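Trainee: Here it is, the structure, as structure tokens.
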Amino acid sequence: MKSSIFNFLGEFSSTLEELALRVEDLLWDQPQEAMMKARLFGETLVSMIYEQENMNEVYPLKQWEKINRLYKHDIIQDEIYKKFEYIRKNGNIAVHQATDMDLEVAKQAHQVLFDLSVWYMEVYVSYQFNAPVYELPSKQMQDPHIVEKWMDEYQQRVAEIEMQLEQLKQEKKEQQIPVKEERKINARNHTNNSERIVPLEKFQDTFDRANFDWKNTTKKAAEFKHKEFGEEAAEAYVYLLDNVTPTIVVHPSLIEQEKKVGTVVSKPRKSTALRRFPRMVEENTIKSNYGYPYTFQTKGELESLLSRIVEVLQSRSIEE
């Protein structure tokens, strides 16, 4: 696979990486086709956010409806909203217009895709991610008169998105958000305000006593691994989530095969933050990494859960 500033996408989605690379392949010679691929990239990324946030769709939503819902529920903010809208609007134009799309539109979309990719990586995959420096796949010059014409059109589209965003803000203020969603938003805001992603301060000493080393932290989960097992032993990892109710996620094989950790009381939790766990396959499509969540209220309950996990790991190690 060729070298690209989008290669980091392969860490959590080969589909997004392939789409981004296709945009780069088409960018200079077929900007309209590149914009169509960018549109598909935006739709795929929004669907992944819905999956991460467990936002079930009662009925199929259009892309603009999905983006609006993410904004109204404070999952994306103004700048990310505008970037998604830029891709959506120009992607729709690329699909429906007969004339060729200007190269500058596709070049701008290329940077927007990069910005969205970095944002997703930092929020859902690795909080410590160091993004590569942005650059176009190659440098080519274009007629300055064409660039000037494109800039006028670009400013008009930006103004439309700004007006649309203001209307959405007003709707958001007037909308009565359900109590369940409001609690979710308040919990997220509390996390942001306290600058704490997951409750590490409260529970890390419990993981330490159970011989689990901290390995990584994202905005969605903290990763721990038991000291007795190697880095490649995926089953030895557990994840502490940022849920309102303290929650850890256990490797699915410990539950699906053994069922010794505890009774499964909830559906599998899917998230790219569970990076050491396998990916779920549904309808021949590879989804996000998944595991089984267990909630607890006290350090004692967490210690008991971790002890059961260690017992299962050690028993399986002896059997092997």
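Trainee: Could you count how many residues in segment 187-207 are assigned to a helix (DSSP H, G or I), within 22 Å of N289 (Cβ to Cβ), of a type outside the set (K, R) and at pLDDT below 85? Quick ask: steps written out before the conclusion?
Mentor: Residues of segment 187-207 assigned to a helix (DSSP H, G or I): 187-194, 200-207.
Keeping just the survivors that are within 22 Å of N289 (Cβ to Cβ) gives 188, 191, 200, 203, 207.
Going one step further and asking which of them are of a type outside the set (K, R), we end up with 191, 200, 203, 207.
Checking the rest, the ones that are also at pLDDT below 85 come to 191, 200.
Residues flagged as assigned to a helix (DSSP H, G or I), within 22 Å of N289 (Cβ to Cβ), of a type outside the set (K, R) and at pLDDT below 85 within segment 187-207 amount to 2.
Trainee: Give just the number: which of (1) at pLDDT 95 or above; (2) assigned to a loop (DSSP other than H, G, I, E, B) does V112 not satisfy?
Mentor: (2)
Trainee: Given the structure, is E231 exposed (fewer than 15 other Cβ atoms within 10 Å of the Cβ), at pLDDT 85 or above and over 18 Å from M48 (Cα atoms)?
Mentor: Against the criterion (exposed (fewer than 15 other Cβ atoms within 10 Å of the Cβ), at pLDDT 85 or above and over 18 Å from M48 (Cα atoms)), E231 qualifies.
Trainee: Which ones in segment 120-170 are surrounded by 13 or more Cβ atoms within 10 Å (Cβ to Cβ), aromatic (F, W, Y) and modelled with pLDDT of 80 or more?
Mentor: Y120, Y124, F129
Trainee: Please specify each residue of segment 208-224 satisfying the condition of being within 19 Å of G300 (Cβ to Cβ) and either within 15 Å of the chain's Cα centre (by Cα) or without any contact (Cβ under 8 Å) to a residue 24 or more places away in the chain (or both).
Mentor: D208, F224
Trainee: Give segment 45-77 a look and list any residue that's over 17 Å from the mean Cα position of the chain (by Cα) and either surrounded by fewer than 16 Cβ atoms within 10 Å (Cβ to Cβ) or of a type in the set (A, V, I, L, M) (or both), or say none.
Mentor: E57, V58, Y59, P60, L61, K62, W64, E65
Trainee: Something else: Could you please find all residues in segment 1-34 being in a loop (DSSP other than H, G, I, E, B), of a type in the set (S, T, N, Q) and over 23 Å from the mean Cα position of the chain (by Cα)?
Mentor: Scanning segment 1-34 gives a single hit, Q30.
Trainee: Looking at K37, K83 in this structure, which one is in a helix (DSSP H, G or I), in contact (Cβ under 8 Å) with a residue 12 or more places away in the chain and under 18 Å from the mean Cα position of the chain (by Cα)? Spell out how you get there, then give the answer.
Mentor: Details: K37 fails: under 18 Å from the mean Cα position of the chain (by Cα).
Of the residues listed, the single one that is in a helix (DSSP H, G or I), in contact (Cβ under 8 Å) with a residue 12 or more places away in the chain and under 18 Å from the mean Cα position of the chain (by Cα) is K83.
Trainee: Now, a different point. Got a sec? Which of V46, V95 is at pLDDT below 90, assigned to a helix (DSSP H, G or I) and either under 19 Å from F114 (Cα atoms) or among the hydrophobic types (A, V, I, L, M, F, W, C) (or both)?
Mentor: On the way: V46 fails: at pLDDT below 90.
Matching residue, one of V46, V95: V95.
The values are calculated or read from the model by the stated rules, or taken from the named source; none is laboratory data. This is a predicted model, so every value here is computed, not measured. Ideal geometry is used to build each Cβ from the backbone, glycine not excepted, and the neighbour counts take in all protein chains shown.
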